[in-house]
Each structure stands twice: as structure tokens, then as C-alpha cells.
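A short worksheet on the structure shown next.
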Amino acid sequence: MTQHVDVVVVGGGQAGLAAGYHLRRQGLDFTVLDADPAPGGSWQHMWDSLHLFSPAEHSSLPGRLMPAQAGMIYPDAGHVVDYLADYEKRYDVPVQHGTRVDAVRRDGVRLLVETDTGTWRARAVISATGSWSRPFLPAVPGRSTFAGRQLHTVHYRCPADFTGQRVVVVGGGNSGAQVAADLALDGQVEVTWVTQRPPRFLPDDIDGRALFDVATARRRALEEGRSDTGGVASLGDIVAVPPVRAARDAGLLVAKPMFARLTADGVRWDDNSHTGVDAVVWCTGFRPALAHLAPLNLRSARGHIPTDGTRALGEPRLHLLGYGDWTGPASATLIGVGRMAREAAAGIAAMVAG
Ligand code: FAD
């Protein structure tokens, strides 16, 4: 059976919920389809010790401030899951959990949304599927010959899974630094942290709040035709959250340059020396989860879909929300996605009315 709505939102994480909030305010008829059986988006899958890099009040979706977590300045991932589950209920966002969208196709004046539980016809689609389901692994010589354990950040849970082992953590971003710190502070794991270029720590007094302010100042400057004030990347890559700072200050977070290749039982360095390794954790990032949009044939050579704001240039009935700066400044953060969700909902409301 095919169901009809004004808008289908694909993905019910923070971006999908922010879209739902603004679509409701616009008075549109919509549904949110989410592959996960429970609320919380990717936050429900993150590793045990993960904490936000901003305080609760700076990590809120539109309409409802995230409450502080007792005894913690930076809430943990479980607190974010609770906040998102409560948000979904409070604003009565119609999320159909456990429904995976396989394809979005053109179908005359409508878009056809095919799922594993049925088909929807909509006047517009907001894609908000994030990137957690598309972990990226770089092509590294010898990767397939390594006989030890290899896992991506998405499958990392806690140091207890590696007690007594020699672990190489690959990646110079926030995930790499945090996972390396988590393992090193445990004291029961022999950790080697490798990065492609020397890690760049942000100053200790800069957390997510300041990063958001920098991104906002830059957006305003560009919108007002002033010169570029410089983006977040100019400040550094790694937020010195408390565990990262503790590991770094204890001398436990010293990065080595990337190894030359993996061998059957370890890594070989540029000087031909060899280190035995039991496991490699690849903290090497993500790609946007856009496979369901393939039938629309919109992707550029870079793998992104060109957009003006959130609207796809090649398909004005499609909006992309929450994937990163290419879909709006700070749109892949809790505090930043609301503004872009408001723009997308307003654009769709105008299109539907017109
Ligand atoms: P997700 O949370 O990934 O949600 C996408 C949803 O779409 C999921 O529920 C999934 O099941 C569903 N889905 C996917 N494909 C389909 C499909 N085909 N059909 C139906 N449903 C589908 N941001 C901050 O603001 N503060 C932080 O401190 C912070 N720390 C971070 C730490 C880490 C390690 C990471 C990885 C990110 C962090 N972020 C942080 C960034 C950001 O907030 C998250 O990436 C965020 O989860 C993205 O939200 P989303 O809704 O776009 O995607």
C-alpha cells in the first residue's frame, strides 16, 4: 500500500527531529522514517566513555534546552539519547522506527520513497541519515593481510575489550584522540597512536561553545559580504576534553607518524622496524549515508550532492540536512542543526503553497 504525505523525513536522529519540529510549526503533514528500532540516532551506538564537547545548554535542539546531567559539565551519550527520546515524545514527532528507506525516486510531481515496510509518495523529502552507518576505512598497504582484530570507531566500546593487548589507534581527529586516551588511561592496554600529520590540539579553554561561536561569526561575515574570519579548522582539530587533556598531560598521548604498512602480526614503520600488534582501531571518519538517493543521480565526483543551503541543486523537492558544513555551517552538531532545519521547512512550505 502507498501512503501520501507532504513530506517524508528520512532519518530520525537529531537532524530528523529538528526537521520534524519545524515541519510541524509550518503546519505540514509529514512522517519520519528511521532505520533504528529505538530513538537517539547514532548517539545510542557510541562508545561507553564518550562525552559531549559542549555543556548541555549549548547542545540543544530548537524549542527545548537540554537539561544538565547531574554532576557533569559535559553530558554523556546516554544523556543525549534520553534527551532525544524525550524530544520526540514531547513534540509528538511521528517517527516510524525500524523502517529503512531503500530508495527515493522521481514519480511525476511527487517523490516515491521505497522502504522495507511499504511505499510513500511525498511532495518533498528531507534526507537526514547522518554518516554513522558509513564508516570510512582508508586503503592502507597490507590491511587485508593483518591477522589480528580490526575495527572502526563505530564498533569500539571500552578498554576492557583489549585488556593485556597491544593496540594501534589510527586517526588524528577527535575520535582518534578520545579512543587513544580512553585506552591509555585504562593502564591495562599497550596503546600506540598514529596520525597522518602531527595532531593539532585546540587551546584547552576552547570547547564546542567557542567552536560554534567561530562558525557563527564566519557565517555572519560571509553573509554580510565582509572578509572571511576563518573557519573552525584554523584553530585546530582536537578538542581537549577532560580525558584527552589528562592523557596528554600524563604523556600518554604522543602520536607517531603513520606506519608504512600492516603485516600479518603488526605494523612496519618507515625505517623498516616492526611492532607486534593485536588490534587496530580505525578512527578514520565517515562518509554521508546517501545510498537511498542513488536513483536521483545527483552526486558530484566528490561524493556529495551539490546544494544551495539544504536544497539539492538537481532536485528542488529534496533537502539534505545535518551532514556537515556542505549542508550548512555547524549543521552536524546538536546546536547547529536547528537553523538549517528551519530553513528547509520554510522552503518546503513555500513550495507546497506555491
Ligand atoms: P545520526 O545521529 O546518525 O542519525 C541518523 C538516523 O538516520 C539514524 O537513526 C539512522 O538509523 C537513520 N538512517 C540512516 N540511514 C537510513 C535509511 N536509509 N533509512 C531510514 N533511516 C536511516 N555534535 C555535537 O553537537 N556535540 C558533540 O559533542 C559531538 N560529539 C561527537 C562525537 C562523535 C564521536 C561523533 C561521531 C559525532 C559527534 N558530534 C557532536 C556530531 C553530531 O552531533 C553527530 O554526528 C550526530 O549524531 C549527527 O546527527 P544526524 O541526525 O545527522 O545523524
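The values are calculated or read from the model by the stated rules, or taken from the named source; none is laboratory data. None of the values given here were measured: they were computed from a predicted structure. With ideal geometry, Cβ positions are generated from the backbone for all residues, glycine too; neighbour counts draw on all protein chains shown. In case anyone asks, the SASA skips ligands and DNA or RNA and just uses the protein heavy atoms, side chains included. Shrake-Rupley method; radii C 1.70, N 1.55, O 1.52, S 1.80 Å.
Below is a table of values for the structure above.
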| quantity | calculated |
| --- | --- |
| Accessible area of the stretch 97-165 belonging to carbon and sulfur atoms, whole % at 1.4 Å probe | 49 |
| Calculated [θ] (222 nm, deg cm²/dmol) that DSSP helices of n ≥ 4 give over the chain, each run adding -39,500 (n - 2.57) | -7000 deg cm²/dmol |
| Cα-projected label distance for HIS155 with GLN96, points at 7 Å along beta-carbon direction, nm | 3.2 |
| The chain: equivalent-ellipsoid semi-axes (sqrt of 5 x gyration tensor eigenvalues, Cα, Å) | 37, 23, 20 |
| Modelled FRET efficiency - R0 35 Å, LYS256 with LYS89, Cβ distances, 0.05 increments | 0.15 |
| Sparse-neighbourhood loop sites, chymotrypsin sites (Phe, Trp or Tyr not before Pro) in the stretch 262-354 - DSSP loop, at most 16 other Cβ within 10 angstrom | TRP269 |
| Inter-site label distance for ALA147 and GLN3 at 7 Å from Cα along Cβ, in nm | 5.2 |
| In the stretch 252-302, the trypsin sites (Lys or Arg not before Pro) that fall in loop regions by DSSP, at most 10 other Cβ within 10 Å | ARG302 |
| Potential lengthening between MET351 and SER227 on full extension [0.36 nm per residue; Cα-Cα distance subtracted] | 41.3 nm |
| Vicinal HN-Hα couplings computed from phi for the stretch 133-144 (Karplus, 6.51 cos²θ - 1.76 cosθ + 1.60; Hz; Gly/Pro x) | 7, 10, x, 9, 10, x, 7, 10, x, x, 4, 7 |
| Amide H contacts of ALA103 (H built 1.01 Å from N, under 5 Å, at least 5 apart or other chain) | GLU114 |
| Separation in nanometres of the label points that stand 7 Å from Cα toward Cβ, at ASP107 and ALA264 | 5.4 |
| The stretch 54-142: Cα Rg divided by the 2.2 N^0.38 Å rule of thumb | 1.51 |
| The stretch 249-354: projected area of the alpha-carbon convex hull, averaged over directions, in nm² | 11.4 |
| Contour minus Cα-Cα distance for ARG299 and LEU65 (0.36 nm per residue) | 80.7 nm |
| When the convex hull of its Cα atoms is projected in every direction, mean area for the stretch 289-334 (nm²) | 3.2 |
| Axial C-alpha extent at least 15 Å, average Kyte-Doolittle at least 0.5 - helices from the chain (DSSP) | 337-353 |
| Per-peptide average of other Cβ atoms within 10 Å, ordering 307-316, 186-195 highest first | 186-195, 307-316 |
